[in-house]
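Report on the following structure.
The values are calculated or read from the model by the stated rules, or taken from the named source; none is laboratory data. As the structure is a prediction and not an experimental result, all values here were calculated from the model. Backbone-built Cβ (ideal geometry, glycine too); neighbour counts: all protein chains shown.
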Amino acid sequence: MNAREDLVVDLSTFEGTKTLALTIERPFPHEVDNTAPIEIAITIMKAAASVVVQGNVKTKIKTECDRCLAELEIPVNGSVEATYLSENDKDIVQSEGHIESLENLFLLTGDLLDLSDRVLEAIIVEVPQKVLCEESCRGLCPCCGINLNDDPDHECSKREETLDKWHQKLNDLKKSVSS
Ligand SMILES: [Zn+2]
Ligand SMILES: [Zn+2]
């Protein structure tokens, strides 16, 4: 299975609780670069006025080291927590001024419950902004871009060149100013 359509649940087809257990290859090709199939286990609990959704989402994400740009694969273990209220209930909650204090509250429109955004969010919030291949990663040489983890004793020839050029330019500039 590969489509996010598989994450649309028809609420009219069951009473009480339904468990959704799916493995989907790449449902979000533009948003998430997952290297392992996304394992989804979600419980949907129907009550009189609301639907409560809880579960977890597991996959692996491709990313890169913030310093040396090495490709990395990190495990992601996200959770889904959401409450869906029908249109009418939302008005009640809103009139009591509670809506802002309730997190993960969504509006139910019709019998089709699309959980794909919940699954996507669960993954995205778990992906760290900055990842290092190792805490001690030396990164890249700022002058030539060589990976300093591969060559810790790197003495950059480009750096000398760059400095030489810079000095040359500076000298030229001085000459042009003084002449
Ligand atoms: Zn690194
Ligand atoms: Zn270098």
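If we keep just the residues of the range 38-55 that are buried (at least 16 other Cβ atoms within 10 Å of the Cβ) and modelled with pLDDT of 95 or more, which is nearest to Arg138 (Cα to Cα)? Result: Ile38. Applying the criterion of being more than 16 Å from ligand 1 (Cβ to nearest atom) and touching a residue at least 12 places away in the same chain (Cβ under 8 Å) to the residues of the range 137-160, the residue that is surrounded by the fewest Cβ atoms within 10 Å (Cβ to Cβ) is Ser157. Scanning the range 105-157 for residues that are in contact with a Gly (Cβ under 6 Å, 6 or more places away or on another chain) and among the charged types (D, E, K, R) yields a single hit, Glu126.
In this structure, Glu134 does not qualify as surrounded by 14 or more Cβ atoms within 10 Å (Cβ to Cβ) and either within 16 Å of ligand 1 (Cβ to nearest atom) or within 28 Å of the chain's Cα centre (by Cα) (or both).
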